Structure formats: C-alpha cells, structure tokens
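See structure below.
The values are calculated or read from the model by the stated rules, or taken from the named source; none is laboratory data. Note that the structure is predicted; figures quoted are calculated from it, not measured. Quick reminder, even Gly has a Cβ in these numbers, built from the backbone with ideal geometry, and neighbours come from all protein chains shown.
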Amino acid sequence: MDINKTETLKRIISEGSSYQSLFFNHPDAIYVMDIHGNYIDANPSVERISGYTLDDLIRMNQSEICPPDSENSRKQYIKEVLAGRSVSNPITFYHKDGSLKQAEITYVPITEGKDVVGIYGIAKDVTDILEVHRELKEAQEKYQVLADHAQDLITTCATDGELLYVSPSVYTLLGYRPEEVIGKSFKDYCYSGDYPDPLDLSKIGNGCKMRVLHKKGHYIWMETLAKPVAGERGKSVQIVSISRDITQHKDAERRLRESRQRYRSLFEHNPAAVYSLNLEGKYSAVNSKLVQMLDIPRNKLIGQSFLSNLDKCEVQHGKHYFDMVKQGEPQYYETRVVNSSGRKIEVSVTNVPIIVDKEMVGVYGIVSDITERKEYTERIQELSKQHELILNTVTEGIFGLDADGITMFMNPAAASMFGYEAKEFIGKNSHPIIHHTRADGSHLPQEECPIHMTVLDGQIRSIKEDVFWRKDGSSFLVQYQVTPIIEQGQIQGAVVVFNDVTGEREIVRAKETAELAAQAKSEFLSMVSHEIRTPMNGIVGMTELLIGTDLSEEQREYAEIIRDSGDALLNILNDILDFSKLESGKMALAYEPFALRKMLEQVAELFKPLADEKHLEIRYRLNPSIPEFMVGDAMRIRQILVNLVGNALKFTDQGSIEVAVDIIKGRKPEDSVLDFAVQDTGIGIPADKLDQLFQSFSQLHPVINRKYGGTGLGLVISKRLVEIMGGSISVESTEGEGSTFRFAVPAASVEASAEQTASQFHHDRTRQSDKVAMRILVAEDHPVNRKILREYLEKLGYHADVCTNGVEAIDAISQNAYDIVLMDIHMPVMDGLKATDLLHRLIPQDRIPPIIAVTANAKREDKEACLEMGMRDFISKPVMLSELKRVLQQWGPRDEPQLAPN
C-alpha cells in the first residue's frame, strides 16, 4: 500500500509541469517527502540554503541533518500532516559546512482523493533575522541600564499626557514610586498653566520650565525636553521627555537638548506575494497577498504595469531586471514598492521566465516583505545614537569603567564637575585621580573603594555621601550609584552616576530646622488650647447659668456681654488652631456619609437667634436632584458654611441671607461635585479690595471691623479647607448691595435602602418625645466644670451622681445602672479613655451605658480616639447647653409605650 502511495506521489509531481518553473526557481527551499519522511524531490533552493543536494538528503540519516530535539519535533510534525493538517513551526538543522542554522518550516499534505500520499516541505532560512533580534535585545538592555540609573527623570507619555513609562529617579526627585504615577496624566502633577499642549513641540521640544508637584505637596521647578516618537505597533505617536530638577539652580539653568529618534513599526511576517506579468510588464494575475501588500483592488492591478508600484528612484532598476528575465535569466534583487496610501515597503523580488513549448510567454514574480529586517538594523543604529545622546545631555555625571577599572567613557557633565577634559580620563584608572582620599583627608585604598568593589563583585551600591576631587585640588560632596555591567554572566565593568550635593546638604539642614520650629509651634498651640478651654468652660458655662437666673436689667446686660465676649474669644481660639493646622499641613480629612439637608437645617438653626435679633431672614435652597445622603468631610463642609453664613450675618443689617446648593454629577457617583452659594444683602466689598479677601489677617473695613471684631482668618481658613478637599472658592460683590460667596467641593452620592441609611446615620438620630427620667453619672475632676454640668442637668430637669476620676467612675458604673455617663478625658488617677477601655473589658456589653466624652481637645484625632475606645459621642469644652441637650435626647433611654391592662 505504501509503495502505491509513493508511485502516486511521483506521478503527482511529474504531472505538475505548469508550476515546475515556479518550483525550481522559488527562493524558499521546497522539497517532497513520502509518508515516512524520506526525501523524493527538492528544488535548487534546498542546496542553496542547506548545502545538501537531493542525493545527499536521500542518502543521509536524518540525525545527521537535525539535532535530536529538532528531529523529534520533525517526526511529530509529520504525524500531524499525515492526519491531514498543515503545520508551520521553527526547526534547527546542520548546514553542510557544519554550522547550526534556524529555519521556519511549513509541512503541507499531498493528497490523492482522501489519502495522504506525501508531504510538501517549504523552508525559509531565518538565521539572520534571529541574529538581528539578539543584537537588538543587547542594544535595548544597554539603553535600559542608562535609563533606569540616570538621575534625571525620563518619561514616556501618550499625546493626552498619560504616563506610560517613568524612570526610577522619580522617587529621588519627586517622592513617588514609578508604579504610583504610571497610568496617570502628567498634567495632574503640573502647576496650572505651566504645562503646554504636548503637540506644541516648539515649546517643550526646545526646553520647557514647569512646576511639578512633589508627593509632600510642594512644587519642584523642572526643565523638560521632549520629542515625539512612534509608539509600539498599532499605537499612536508618544512623547519621550527628560526632566531635571532646577529648583536650586534656576539662576544657572542649563537647557537639556534631547533628540529621540522615531521608532519604526515592525511588520509581521507575510507569506510571499505572487504575480504574473505579460511580456509588456503588466499584471496578468495576482494573489490576495499582493493585493493586501499594495492595498489596491485586484481588478485595478490587472493590466497595470508593475513599474507603477515601484518607488520612483527604483524604476530604472526595475526595468533593467525585467529586461534580463525576458532574456531567460532568473533575477533576484531587492527594491522598494509604494502602496496606495504612499507607504514604502522594502521587498526582495524573484523574477523567473514562464516558458511554454520552449517559448517565453511571461514572467512570474515572487515578492517577500523584508521591511522588518531592515528596520531592525536601523533601530539598532538609532538606539546607539540615543545612548550617546543621553550621556551628552543629562546633568548627572556619568562615567564607565572596564573590568580592570580603566575608564571607558565619561560624559561632559562629569568632566565639567571634575574640571578635566574627558580625554584626560579615557584609558586611565580613575581612582588615583578623583577618589584617592576620604572626607577627612586620609588615603582611601583602592580595595576599600565602593566603585572598585562593584567592579569585583558585581553588587549595585548607592552611596549617599562621599568626596570626589577636582583637577584644581578642591573637593566636593557627591551622591552616587555604581551599577555593574554584566554580559553573559560575566562582570565587564561598572557605570557610575553621580551628582554634586554640596549645596543640598545645607538646604536639608535648614529644612530640618524649620520643621522642628513648626512642630514646636503646633505642640504649643495644642497645649494652650487645652489649658484655655478649661477656664473658658467655667466662664461660658457659669455665664449661661447666670443669665438663666432672676437678674436686673443691668445685670442681665452685663452677663450677656460676658457671654458674647466668651463666644468671640472661643471663635478666635478655634480660628487660630485651625489656621495653625492648615499652615503645618496637619489638617486631616475624614470622608463619611452625611445628610446634606439636615446640615443646612442645623446651620440655619444655629444662626436663627442672631438673625431674628437683626430682623433678617435666613433661607436655604437644595436642588431636588441632590441625593438625600452624600459622602464627604461633613465636619469641614459645615465649618465652611458656618464661616460664610456667620460672615454674611455679621455684615448684613437688613434684607436676607440665602444658602443655595446645586450638584454637578459626574459619570460615576464618586465624581459628583457640590456647588454652594451664600448670598447676602449686606454692605458689600469694594472692587479694589477683592484680591485681599482671602489673605491671612486681612480686614478690608478697618473701621467696621472695630465694630464687628474678628481675626480676619475665617475666609482664609475656608479657602484652605476647600482647597485641601480638592475644590475652589470665589466671591462676587457690589459695594452697598451685597456679596455672593461660592465654593465647590467633590462629594460622592450614596445609594442605600431605608434600613441601611438608618444604620449608617445613627449619629443623626434625634428624639422628639417627652423627657423621660434617667440616671446620669458625671465624671469630672475640675470643680467648676463639675458644677456647671450639674447645674445644666438640673436646669434640664435631671439629677446626676458625680465622681472625680476614672477609678471612681468604674466603681460607680459597676454598682449602679446608669442611663448615660458624661466622662471627662483628662482626670487624675485614671483618665477617661483608660476608664472606658477597662469598662469594656470588665463589664458585659449590655450593662455598659452610653459614655459621652467631655473634652477640651478640639482636634479631630482626639475625638476619633474617643469613638475608637468605645465612647458613643463627644462634647467639646466649653460645654454648651444645646449640645448637652442633644446628647441626652440622642443617647438617653426612649419613652416606651405602656401596655393596657387585661
């Protein structure tokens, strides 16, 4: 049966006379095998590619042609082809001269009816292409070493600013890790107005100075050079830039010049395009691959001269080779074609005569795309140019050593810092020239030199501070990194990247001194706040109680003046503390759900007594499309509203004050923005004073401010709060007619069921039922504060037990069933936080009453610590009667309905 298949195979081959010319002149190796893998026939290209003749292949054992792994793969491919499938895979073979070659092989079944009677093998030598790949990889690795270890910031971004690559130096320069910024827009880190359109290369191509945001919140001046480059296959043009820190050297700016060559796109391997020409050089038949390559419809190609598809400078060569093939001589040459869109494609062409009955009737053409191979070579050359360009333009000093410590190269920045010409270094050992002495002047042996050690052991070393020496004998402080050059597992040398940090050390010391001063100021203000609030509690509390007694008209007037003065002093204290925290950058934000309508009601209720006294109307308007609950820093938003409404109320004597809130919805719920407007009909602000409005301690009406008082910090604090929340604030005003303050802050909407909402906002629960009896414990060591709390409670109709420290509080709660506990935080023996923690450890949870912190600390972190320790709520000192009433209503026992008797 196999003999019959072999005979059939030979018959099929002999009958294919119409394609014998194509078979014998094809540039790829084509051979025929029987179903056992034995060679039956082969074209001349087989000998050209492998060195073996057909007789050699028939005579030789396959193990002499292919290494064992490749021979096993070949046998597996034959099995798949005999099953009726074509197979294309790489394979390794021995050339007749003994060299090892790589080929891309396609096996195609030869069938007679349903039987596979033999196999076509088509092989293309890809050894040179793989070598180009290897050389390109080596060049890329060398380029990447320089990019990853340069101390300038190297980035690649899309035309819309999205960062695609950021060099590791971003951490040293800006405090970010590369992964923190990759994928984000470069514009997000630039000061508004500094960043030009990426396509405006007239600006950034010649050097652009801009302010870039450091992770710590301040801006760094940087100079950036950028060039457009072609992206990866299928992607658009990208912008590659090099940036350096010029903050401390702005007076001696050095323009970076960086020229990045465009990368050319690589094309996938395409099967050969085949066509036939008549004797006039016009297409008589074309295959789909030629149509695809030229991007011209088949019906337009037929009858068109092949010369019309050649690059203009290649037409004469094309005519010459066509004349030669018409004389019966096959031609192999390279040329350049242009497709319908004007794209030039490098190709290799095989032209062979078509002879019928000994008469030439036309020409067969075989075209292979070799653009990829040529572009690989060009790209290697471009990377080499970029390597040299980077060395010549970065501001860091860079020099390289071979395995013996001899200097191989040095960039201009390094030579300039050392005061030498680069040629004075090349070929010499750098250690005795620039690194021979320690900081104290003692000799530095070469075996102890970090640079020399890296050359020996291949370990990367980063040195924060060392001393290098100049040609004139002077020294300077440097920070440097030594990176080994390793090829094929062997240490070939090292690259040193260094920077002069002499001036930076002085800056660091000054910065540390300033930070210590700021910390001392913050701690002092925190201590003063706590100490002032305790006597303030006595003044405000006792005044409130005094006003509630039977006083003469004169006495009541005096008491109210004391109360108003205490309130004003408390507001001043709060403003100073808030301003201090904002100045030191320690103002923390807390994002949590809040009810916006309820917040507006509370603000209106807060100012209603004063508004009624001045016969003013306070209104608020909420856009109906705003969700019932939002997520944001409710405490800071309320503080801004209180500042703006209080300011409006202060300077308005007739008319009204209106608070309006709209929403700007984003694509996602978390992208929404709340837009607030506070409008009054007050005295207004002169146009020439508007620019001073948000300045610290600025008072635009000196005479009027003596009447109304204030620190001038309210609007400054509001502006800072809005900005740290990521928003903006502005003002419109007409003198004598009124003002409108607007601010917008990000806030996410909350979608929740009624049950979820109730659980999320339990702190907003209020109870309007009648007062119920409750047992209250007051834990307070200060006698005045203790008296105030008891008097307030009695004024509300409650009796309270008292204790003076945390130990007594634990003992009282253990022995009695209290409904609510008012716990001072700072007490002798044991403070309120420790007492609360111990209660939760010692007593079953169902027996622990709601514990309310009473604290003179106004900082958010102190209040959060109370809640984390298990306290339910907090009241700040000085204690206000309204606040005390609120916590009793919110956390006291409910008035349960009584069941009717049977």
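Restricted to helices (runs of 4 or more DSSP H) entirely inside region 773-886, those with at least 2 residues that are under 48 Å from the mean Cα position of the chain (by Cα) and not charged (D, E, K, R) are 832-842, 860-868. Taking the criterion of being under 19 Å from residue 320 (Cβ atoms) and surrounded by fewer than 18 Cβ atoms within 10 Å (Cβ to Cβ), the residues of region 347-361 that qualify are 348, 360.
Taking each residue of region 829-858 that is over 21 Å from residue 888 (Cβ atoms) and not assigned by TED's automatic domain parsing to the domain that holds residue 816 and looking for partners that are surrounded by 22 or more Cβ atoms within 10 Å (Cβ to Cβ) and not aliphatic (A, V, I, L, M) with beta-carbon atoms closer than 7 Å, six or more apart or interchain, yields nothing.
Applying the criterion of being outside any strand (DSSP E or B) and among the aliphatic types (A, V, I, L, M) to the residues of region 640-677, the residue that is farthest from the chain's Cα centre (by Cα) is 649. Comparison of 44, 68, 27 shows that the only residue that is touching a residue at least 60 places away in the same chain (Cβ under 8 Å) and farther than 16 Å from residue 110 by Cβ is 27.
Listed here are the residues, each with its yes/no results for (1) crowded, with 17+ Cβ neighbours inside 10 Å; (2) under 13 Å from residue 596 (Cα atoms); (3) not assigned by TED's automatic domain parsing to the domain that holds residue 744.
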{"site": "617", "(1), (2), (3)": "no, no, no"}
{"site": "623", "(1), (2), (3)": "no, yes, no"}
{"site": "636", "(1), (2), (3)": "yes, yes, no"}
{"site": "645", "(1), (2), (3)": "yes, no, no"}
{"site": "653", "(1), (2), (3)": "no, no, no"}
{"site": "657", "(1), (2), (3)": "yes, no, no"}
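Quick one: would you say residue 607 is closer than 18 Å to residue 715 by Cβ, of a type in the set (Phe, Trp, Tyr) and not assigned by TED's automatic domain parsing to the domain that holds residue 560? Spelling it out, residue 607 is indeed closer than 18 Å to residue 715 by Cβ, of a type in the set (Phe, Trp, Tyr) and not assigned by TED's automatic domain parsing to the domain that holds residue 560. Here residue 400 passes the criteria (1) over 17 Å from residue 483 (Cβ atoms); (2) part of a strand (DSSP E or B) except the one numbered (1).
No other residue among 81, 117 is touching a residue at least 60 places away in the same chain (Cβ under 8 Å), crowded, with 19+ Cβ neighbours inside 10 Å and in contact with a strand residue (DSSP E or B) (Cβ under 8 Å, 6 or more places away or on another chain) apart from 117. With the condition kept exactly as written, say whether any residue in region 461-477 is of a type in the set (Lys, Arg), surrounded by fewer than 12 Cβ atoms within 10 Å (Cβ to Cβ), out of contact with any His (no Cβ under 8 Å at 6 or more places or on another chain) and at pLDDT 80 or above. Within region 461-477, one or more residues are of a type in the set (Lys, Arg), surrounded by fewer than 12 Cβ atoms within 10 Å (Cβ to Cβ), out of contact with any His (no Cβ under 8 Å at 6 or more places or on another chain) and at pLDDT 80 or above. Here residue 439 passes the criteria (1) outside any helix (DSSP H, G or I); (2) under 26 Å from residue 501 (Cβ atoms); (3) at pLDDT 85 or above except the one numbered (3). If you check residue 495 against the conditions, is it outside any strand (DSSP E or B) and at pLDDT 85 or above? Judged against the criteria, residue 495 is not a match.
Residues that are farther than 17 Å from residue 725 by Cα and not in a loop (DSSP other than H, G, I, E, B) were ranked within region 621-639; the one that is nearest to the chain's Cα centre (by Cα) is 629. Scoring residue 300 on the criteria (1) assigned to a strand (DSSP E or B); (2) among the basic types (Lys, Arg); (3) over 49 Å from the mean Cα position of the chain (by Cα) leaves a single failure, condition (1). Under the condition of being more than 15 Å from residue 500 (Cα to Cα) and among the basic types (Lys, Arg), the residues counted in region 442-470 number 1.
Specify the residue that is farthest from the chain's Cα centre (by Cα); the eligible residues are those in region 396-454 that are touching a residue at least 12 places away in the same chain (Cβ under 8 Å) and at positive phi. Ranking the qualifying residues of region 396-454, first place goes to 427. When region 10-48 is filtered for residues that are at negative phi, among the small types (Gly, Ala, Ser) and modelled with pLDDT of 70 or more, the ones remaining, listed by number, are 29, 42, 45.
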